[in-house]
Amino acid sequence: MPLYVQGKKLTQIQDSVTDFFEEFPHFKENGKELCSQTKKVIQPQGLLYVDQREYAAVTPNDTCIKTLGSDDATTCHIVVMRHSVTKVTCLGHLDGSGTEAGLREMMDLVIRLSDHTTEGRVEVHMIGGFKDSRNLSAQLSIEILKTFHEMNEDVYLETACITDVNNVTKDALEFPVIYGIAVNVANGDVFNASFSTTRPDRTLRSARHFTGGRQMLNIYDNENEQLTIGPFDYDPFENLDLWVRLPDHYIRQYLSTSPEQEPEHFVANVRRTLCFIHDNPKPLETIFKDGKPRRFKIQEDGAWTLLEV
């Protein structure tokens with residue numbers, strides 16, 4: 001079934017983001033409105049933070065999670081799917097790896113958590129990317145749009161604050177306006193956001209995509225209301241002893257798709273991840289005991305407690 005925009009069934013997806021916005025200029029206006037929002041700093045209470053190459057979905061009846069969010073997206077895109085009747089909400093952080101499979105898994109999860117109801121529709125919000133010199137953002141924008149267009153389910157695109165629209169020029173350089181978003185599970189509001197914490201186990205989760213883990217992973221166990229990580233192994237990181245000693249500008253230049261646009265904490269996060277990989281080269285032996293995932297439960301104050309396995 002095709003993608004729908006303003007109730008119109010699309011016959012095809014253009015190969016150019018610019019052409020897409022020319023056909024649907026209202027996305028530019030909606031995107032400008034979103035970009036003009038004051039960024040909200042989200043506190044940890046009731047927050048489920050989604051990292052790169054991860055996704056998670058919750059129902060409005062979840063007793064723990066009230067907000068889904070993700071940030072640090074430059075060329076990456078953050079996608080929100082929400083069912084108009086059941087209010088099941090899913091958020092994923094896509095970087096171009098495992099895009100089609102990840103989006104289809106997200107859709108399947110929303111449908112399953114909605115008990116396969118035939119009422120209502122699945123609405124989608126896309127945010128992220130900018131006019132980068134390598135055209136990576138535009139390529140990902142089109143890949144996501146085409147994947148939605150080829151799905152069996154009807155998909156209603158509500159927001160496309162992507163690439164050209166999510167862009168600002170500073171000192172002759174292009175930058176994304178919005179790096180992160182959050183969605184309120186209860187009412188579906190999507191807004192510009194940053195996060196006071198990105199726990200739990202952010203370094204371990206980042207290590208997976210730094211070392212070749214290309215698939216999108218579902219990190220939330222809806223039945224038990226627990227965040228689950230792993231188990232997974234990762235490929236050896238070549239010249240790791242050298243990388244952990246290199247100056248900051250080398251890490252920024254060679255371990256990012258958009259070095260000039262990365263947030264200030266980028267290098268510190270990457271260096272922390274590299275050191276973690278160095279100290280834990282075989283996570284199936286040192287982190288995931290007996291091949292079991294690490295399971296966490298959020299507390300009222302927003303702290304995540306590691307559960308006994």
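Residues of region 266-285 that are closer than 18 Å to Gly180 by Cβ and free of Cβ contacts under 8 Å to residues at least 12 places away in the same chain: Ala268 alone.
Looking only at residues of region 175-193 that are more than 16 Å from Lys39 (Cβ to Cβ) and either more than 19 Å from the chain's Cα centre (by Cα) or among the acidic types (Asp, Glu) (or both), we find that the one that is surrounded by the most Cβ atoms within 10 Å (Cβ to Cβ) is Ala186. Taken over region 136-152, the criterion of being in contact with a helix residue (DSSP H, G or I) (Cβ under 6 Å, 6 or more places away or on another chain) and either modelled with pLDDT under 95 or closer than 22 Å to Pro259 by Cα (or both) is satisfied by Ala138, Ser141.
Considering only region 148-174, state which residues are of a type in the set (Gly, Ala, Ser) and under 21 Å from the mean Cα position of the chain (by Cα). The answer is Ala160, and nothing else.
Select from region 142-174 the residues that are of a type in the set (Ser, Thr, Tyr) and either surrounded by fewer than 23 Cβ atoms within 10 Å (Cβ to Cβ) or farther than 18 Å from Asp95 by Cβ (or both) and list them in ascending order.
In the first step, residues of region 142-174 are kept if they are of a type in the set (Ser, Thr, Tyr); the result is 147, 156, 159, 163, 169.
Those that are of a type in the set (Ser, Thr, Tyr) and either surrounded by fewer than 23 Cβ atoms within 10 Å (Cβ to Cβ) or farther than 18 Å from Asp95 by Cβ (or both): Thr147, Tyr156, Thr159, Thr169.
Identify the residue in region 194-221 that is among the small types (Gly, Ala, Ser) and touching a residue at least 60 places away in the same chain (Cβ under 8 Å) and, among all such residues, is nearest to Thr38 (Cα to Cα). The qualifying residue nearest to Thr38 (Cα to Cα) is Ser194.
Out of Ser84, Ser114, Ser97, Ser133, report the one residue that is surrounded by fewer than 24 Cβ atoms within 10 Å (Cβ to Cβ), in contact with a His (Cβ under 6 Å, 6 or more places away or on another chain) and not β-branched (Val, Ile, Thr). Before the answer, list the steps.
On the way: Ser84 fails: in contact with a His (Cβ under 6 Å, 6 or more places away or on another chain); Ser97 fails: in contact with a His (Cβ under 6 Å, 6 or more places away or on another chain); Ser133 fails: in contact with a His (Cβ under 6 Å, 6 or more places away or on another chain).
Of the residues listed, the single one that is surrounded by fewer than 24 Cβ atoms within 10 Å (Cβ to Cβ), in contact with a His (Cβ under 6 Å, 6 or more places away or on another chain) and not β-branched (Val, Ile, Thr) is Ser114.
Within region 87-98, if we keep just the residues that are touching a helix residue (DSSP H, G or I) at 6+ places or on another chain (Cβ under 6 Å) and free of Cβ contacts under 8 Å to residues at least 60 places away in the same chain, the residue that is farthest from Thr75 (Cα to Cα) turns out to be Val88.
Residues that are within 20 Å of the chain's Cα centre (by Cα) and at pLDDT 90 or above do occur in region 232-246. So in region 8-27, with the set limited to residues that are without any contact (Cβ under 8 Å) to a residue 24 or more places away in the chain and either among the small types (Gly, Ala, Ser) or assigned to a loop (DSSP other than H, G, I, E, B) (or both), which one is nearest to Arg121 (Cα to Cα)? Per the criteria, the residue is Thr11.
Being closer than 24 Å to Asp72 by Cα and either in a loop (DSSP other than H, G, I, E, B) or not β-branched (Val, Ile, Thr) (or both) is a condition met by at least one residue of region 278-287.
The single condition from (1) part of a strand (DSSP E or B); (2) out of contact with any helix residue (DSSP H, G or I) (no Cβ under 7 Å at 6 or more places or on another chain); (3) not polar (S, T, N, Q) that Asp62 fails is (1).
So which of Val41, Val17, Val5, Val50 ends up being over 22 Å from the mean Cα position of the chain (by Cα), modelled with pLDDT of 95 or more and not hydroxyl-bearing (Ser, Thr, Tyr)?
Numbers: Val41 fails: over 22 Å from the mean Cα position of the chain (by Cα); Val17 fails: over 22 Å from the mean Cα position of the chain (by Cα); Val50 fails: over 22 Å from the mean Cα position of the chain (by Cα).
The match here is Val5.
Say whether the condition of being part of a strand (DSSP E or B), of a type outside the set (Lys, Arg), more than 16 Å from the chain's Cα centre (by Cα) and modelled with pLDDT under 95 is met by at least one residue in region 214-221.
no
For region 222-243, filtering for residues that are among the hydrophobic types (A, V, I, L, M, F, W, C), touching a Lys or Arg at 6+ places or on another chain (Cβ under 7 Å) and in a loop (DSSP other than H, G, I, E, B) leaves 1.
Being in contact with a strand residue (DSSP E or B) (Cβ under 7 Å, 6 or more places away or on another chain) and either surrounded by 16 or more Cβ atoms within 10 Å (Cβ to Cβ) or hydroxyl-bearing (Ser, Thr, Tyr) (or both) holds for only one residue in Leu306, Leu255, Leu227, and it is Leu227. Considering the conditions (1) surrounded by 17 or more Cβ atoms within 10 Å (Cβ to Cβ); (2) closer than 29 Å to Thr59 by Cα; (3) acidic (Asp, Glu), Glu262 is excluded by exactly one of them, (2).
The values are calculated or read from the model by the stated rules, or taken from the named source; none is laboratory data. Keep in mind it's a predicted model, so treat the numbers as computed, not measured. Methodologically, a virtual Cβ is constructed for each residue, glycine included, from the backbone with ideal geometry; neighbour enumeration extends over all protein chains shown.
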